[in-house]
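Engineer: After the structure tokens below, expect a handful of questions from me.
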Amino acid sequence: MSKGTILLVDDEQTLLESVRYDLEKEGYQVAIAENGETGIEKLRSGCYQVVVTDLKLEGLDGIQVLKEAKTLHPDSMVVILTGFGALDSAIDALRMGASDYLLKPCKREELLQRIGNCFERIELKKKIRLYEKILPVCCVCKKIRDDRGKEPGTGEWIGFEEFLVHHSSLDLSHGYCEDCFRETKEKKKR
């Protein structure tokens, strides 16, 4: 079973093949692209959890690959790998959504660690989304904890109707269900 999908974009064929080998050995499913254009084509035709791209490529550069990756797959993590390390380019890449920035040559272990960190963040984001979909309801009084816009677990406990008014475009109508209607009718007869 694959640990995850990775797209490698670099114009150095030897580097591509050696990094691909290392990543596949670790259990990742890896696709390669020899330039920015091919990288973007692969991004358009498939979904990769992590994209590792060189910054300096002939034609479309790594920044363009980064932008396209974040546009097509906003949750994907992009690692910039470059031999031309300048602080400005690193800051620009990180501001545009890069998850990490590494200078070539980097040690195999360092690259594997950084890519592993990306996959850990992906899993954490999935868990956060899962928990965001859970609506805390009191098992006794049935009030709902409204955590929206607040730190999870710190929201105010409010009634169901109030929650719907604040978090839904529905208009509420009050009436009786059949059981409550019968019960109310029986009480009035007594």
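Engineer: As I understand it, the value is the acute angle between the Cα axis of helix 13-25 and the longest principal axis of the Cα atoms of the chain; what does it come to in degrees, rounded to 10?
Structural biologist: The angle comes out near 40 degrees.
Engineer: Taking the range 98-163, how much of its Cα-Cα pair set, in percent, is spaced more than 15 angstrom apart?
Structural biologist: On the way: 1403 of 2145 pairs.
Above the 15 Å cut-off, the range 98-163 has 65 percent of its Cα pairs.
Engineer: Counting only residues 5 or more places away or on other chains, whose amide H sits under 5 Å from the amide H of Gly83 once H atoms are built in the peptide plane?
Structural biologist: Under 5 Å from the amide H of Gly83: Leu55, Lys56, Lys104.
Engineer: How far, in degrees from 0 to 90, does helix 36-45 lean away from the longest principal axis of the Cα atoms of the chain, to the nearest 10?
Structural biologist: Tilt of helix 36-45: around 30 degrees.
Engineer: Strictly over 24 Å apart at the Cα level, which of Lys3/Lys56; Lys126/Lys150; Lys42/Lys107; Lys25/Lys107 would you flag in this model? Mind showing how you got there, number by number?
Structural biologist: Working: Lys3/Lys56 28 Å; Lys126/Lys150 19 Å; Lys42/Lys107 26 Å; Lys25/Lys107 16 Å.
The pairs that break the limit, which is 24 Å between Cα atoms, are Lys3/Lys56; Lys42/Lys107.
Engineer: Within 13 Å, Cβ to Cβ, of Pro74, how many net charges do the neighbouring residues add up to if Lys/Arg are +1 and Asp/Glu are -1?
Structural biologist: Values: positive: Lys67, Lys70, Lys125, Arg129; negative: Glu68, Asp75.
Surrounding charge for Pro74 is +2.
Engineer: Gain in length, Tyr176 to Gln64, computed as 0.36 nm per residue apart minus the alpha-carbon separation, to one decimal in nm?
Structural biologist: Numbers: separation 112, 0.36 × 112 = 40.32 nm, distance 5.96 nm.
Working it through step by step, the gained length comes to 34.4 nm.
Engineer: Could you check which residue among Gly153, Gly116, Gly27 shows the biggest mean-square fluctuation in a GNM of the chain with a 10 Å Cα cutoff?
Structural biologist: Evaluated over the chain, the most mobile residue of the options is Gly153.
Engineer: Highest GNM mean-square fluctuation, the chain, Cα pairs closer than 10 Å: which of Cys180, Cys141, Cys118?
Structural biologist: In the Gaussian network model the winner is Cys180.
Engineer: To the nearest µm²/s, what D does Stokes-Einstein give for the chain at 37 °C and 0.692 mPa s, using the Kirkwood radius over alpha carbon pairs as Rh? Intermediate values should be presented prior to the final figure.
Structural biologist: Numbers: Rh = 20.2 Å.
In µm²/s, the coefficient is 163.
Engineer: Top mean-square fluctuation among Ser76, Ser168, Ser18, Gaussian network model of the chain, C-alpha springs under 10 Å?
Structural biologist: Residue with maximal mean-square fluctuation among Ser76, Ser168, Ser18: Ser168.
Engineer: Could I ask something else about it? Nearest 500 deg cm²/dmol is fine: what mean residue ellipticity at 222 nm does the chain get from its DSSP H runs of n ≥ 4 alone, each adding -39,500 (n - 2.57), divided by its residue count?
Structural biologist: Working: 7 runs with 88 residues, N = 190.
The helix contribution divided over the chain gives -14500 deg cm²/dmol.
Engineer: Could you give the dipole magnitude of the range 78-190 about its Cα centre, charging the beta-carbon of Lys and Arg +1 and that of Asp and Glu -1, in debye to the nearest 20?
Structural biologist: Values: 22 positive and 19 negative charges, 96 e Å.
Dipole size: approximately 460 debye.
Engineer: Now, a different point. Give, to the nearest whole percent, the P(r) tail of the range 20-123 beyond 23 angstrom, counting all Cα pairs.
Structural biologist: Looking at the range 20-123, the distances longer than 23 Å represent 18 percent of pairs.
Engineer: Using a Förster distance of 41 Å, how high is the FRET efficiency between Asp88 and Leu164, based on the Cβ-Cβ distance and rounded to 0.05? Don't skip to the end; give the middle numbers.
Structural biologist: Values: r = 50 Å, r/R0 = 1.22.
That gives a FRET efficiency of 0.25.
Engineer: With 19 Å as the cut-off, how large is the P(r) tail for the range 137-190, expressed as percent of Cα-Cα pairs? Could the numbers behind the result be given before it?
Structural biologist: Values: 718 of 1431 pairs.
So the pairs more than 19 Å apart make up 50 percent of the total in the range 137-190.
Throughout, read-outs are computed from the coordinates displayed, never taken from laboratory work. On a predicted model such as this, the values are computed, not experimentally measured, just so you know. Methodologically, a virtual Cβ is constructed for each residue, glycine included, from the backbone with ideal geometry; neighbour enumeration extends over all protein chains shown.
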